[in-house]
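What follows is one structure encoded as structure tokens, with my remarks underneath.
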Amino acid sequence: MTEPVNVNGAVSSGTMTRAIKEGLFAGVITLGLFILYIGIKTDQNMANELIWYPRWGLLASFVAIAAVGRFALVAFITPWFQARKEKKSASVPVHDIDAKPSFFKTHFLKIALLALVLYPPVILALTGVQGSLKYVDNFGIQILIYVMLAWGLNIVVGLAGLLDLGYVAFYAVGAYSYALLAQNFGLSFWLLLPLAGILAAFWGIILGFPVLRLRGDYLAIVTLAFGEIIRLVLINWQDVTKGTFGISSIPKATFFGIPFDASAGGFAKMFDLPMSSAYYKIYLFYVILALCCLTAYVTIRLRRMPIGRAWEALREDEIACRSLGINTVTTKLTAFSIGAMFGGFAGSFFAARQGFVSPESFVFLESAVILAIVVLGGMGSLTGIAVAAIVMIGGTEALREMEFLKHIFGSDFTPELYRMLLFGLAMVIVMLFKPRGFVGSREPTAFLKERKTVSGSFTKEGHG
């Protein structure tokens, strides 16, 4: 039962009392959860003895943030949103809002693509050649790699409804395929890029055959095991993969045969530019941007084709899908293979970007992060997934730049060590307020006379 709210969003004294109680309760819960994790730090001294020392100031900061945040949420934020929602619903019908989208909403994709194309030269002009290296690589290429991976997994999970927890395996197949073939046979990046995708798609078909009869939790367990098997093979097949040492000195991508090195025929010398690795990163930025655009274009086209509609039918109800005469075997296999192909593309690009691959780059945590991006963005929504990747990956990368936090929590405070904690808190918050993801609505692929946006409330839970 909600408390009465006046026109200005003010709440009654009962809501204020409840806010105080819930704020104190949240502070107590936070104290119990973090007293050993945050309040006490362990270390080893020179005698190899375990020592510990308290960090009561840091613990008090976490408790205060939780208590004040919960109090503000219950007392002010929730009533304000409720009053705003009631006022909007009373004045304008929902269908009128959807019928008249704003200019920004209508042209969002064009604006976003233009911003991405202009991002490297703008950063180059603001920070210089060497200063742009960090922003183009960490906040550009890194995010776009996860966008491409999430869009590839979206075909399997968001469109076909097949829960895949081992998607990182195809990422690893693409990376190691590029690394081994480039080193042993001297093949170029542009030849190995489609080849790595084809090999990853082949492994997607191999994974698809044993799991044709599985659904739900059983499918998740088998795909998780497949991802771990690939990782263990990479660790133990030392004659080929070099085990935990990884493969180094992987050949870089070239610009129409022009290498990015310090030789006389290199990119910098040829265009009379100062020698810097930033030009290679900018080149890779546009390559991964083109790959992301290709992934989005193929996904959109496939959704409008019969195979895309078969995926959505399979996602909603497999039994009804069979009763309609749809071949569920080929439908599942195409979903696995096409999703794996884009994972292989991203893996080969990752190997070219890093110049080094090892099994530690393809652990289960990577699959969990990619799946979290798909769920948080909204299953089936390319725009929502891209926004989720920017928020999650860009947010964790931004922690490395928050040196001012050391002045607040102490000189020994390392912000990036808490990225998974903040990642988990962000997931909880988003799922509480946006359970269907950042974008909980989408346009249907089949429509009668007029295309209308379908709200997440009219679709199955989790597939908005």
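The values are calculated or read from the model by the stated rules, or taken from the named source; none is laboratory data. It should be emphasised that the depicted structure is a prediction, and the values quoted were computed from it without experimental measurement. We place every Cβ from the backbone using ideal geometry, glycine too, and count neighbours over all the protein chains shown. Ligands, DNA and RNA are excluded from the accessible area calculation, which covers all protein heavy atoms including side chains. Shrake-Rupley method; radii C 1.70, N 1.55, O 1.52, S 1.80 Å.
So what J values fall out for the range 161-170 if you push phi through Karplus, 6.51 cos²θ - 1.76 cosθ + 1.60 with θ = phi - 60°, rounded to Hz, Gly and Pro as x?
x, 9, 6, 10, 9, x, 5, 5, 4, 5
For the chain, calculate the relative contact order in percent as a whole number, restricting contacts to Cα pairs under 8 Å that are 6 or more residues apart. All intermediate terms of the calculation are to be shown ahead of the outcome.
Working: 628 pairs, mean separation 90.0, N = 464.
Once normalised by length, the contact order is 19 percent.
Normalised by the residues of the range 219-283, what does the relative contact order come to in percent, with Cα pairs under 8 Å and at least six apart? Walk me through the numbers before you get to the answer.
Details: 38 pairs, mean separation 8.3, N = 65.
Normalised by residue count, the contact order of the range 219-283 is 13 percent.
Return the calculated 222 nm mean residue ellipticity for the chain, to the nearest 500 deg cm²/dmol, obtained by summing -39500 (n - 2.57) across DSSP H runs with n ≥ 4 and dividing by the residue count. Can you show the working numbers first?
Details: 20 runs with 293 residues, N = 464.
Estimated from H runs of four or more residues: -20500 deg cm²/dmol.
Once Cα Rg over 2.2 N^0.38 Å is worked out from the coordinates, which option in (i) 1.50; (ii) 1.01; (iii) 1.10 does it equal?
(iii)
Mind scanning Lys85/Lys110; Lys252/Lys281; Lys21/Lys434; Lys87/Lys434; Lys21/Lys41 and naming the pairs with a C-alpha gap bigger than 22 Å? List each step's numbers first, then the result.
Details: Lys85/Lys110 30 Å; Lys252/Lys281 11 Å; Lys21/Lys434 25 Å; Lys87/Lys434 20 Å; Lys21/Lys41 30 Å.
In this structure, Lys85/Lys110; Lys21/Lys434; Lys21/Lys41 exceed 22 Å between Cα atoms.
What is the pair-distance distribution P(r) of the range 116-213, computed from all Cα-Cα distances in 10 Å bins starting at 0, with each bin given as a whole percent?
With 10 Å bins starting at 0, P(r) equals 13, 32, 29, 20, 5, 1.
In square angstrom, rounded to the nearest 10, how much accessible surface does Phe350 have for a 1.4 Å probe?
The accessible area of Phe350 comes to roughly 20 Å².
Quick one: Cα centre-to-centre distance for the range 336-412 and the range 175-224, in angstrom?
19 Å
With unit charges on the beta carbon (Lys/Arg positive, Asp/Glu negative), name the residue among Ile282, Pro415, Ala182 whose Cα is farthest towards the positive pole of the charge dipole of the chain.
Comparing the listed Cα positions along the dipole, Ile282 ranks first.
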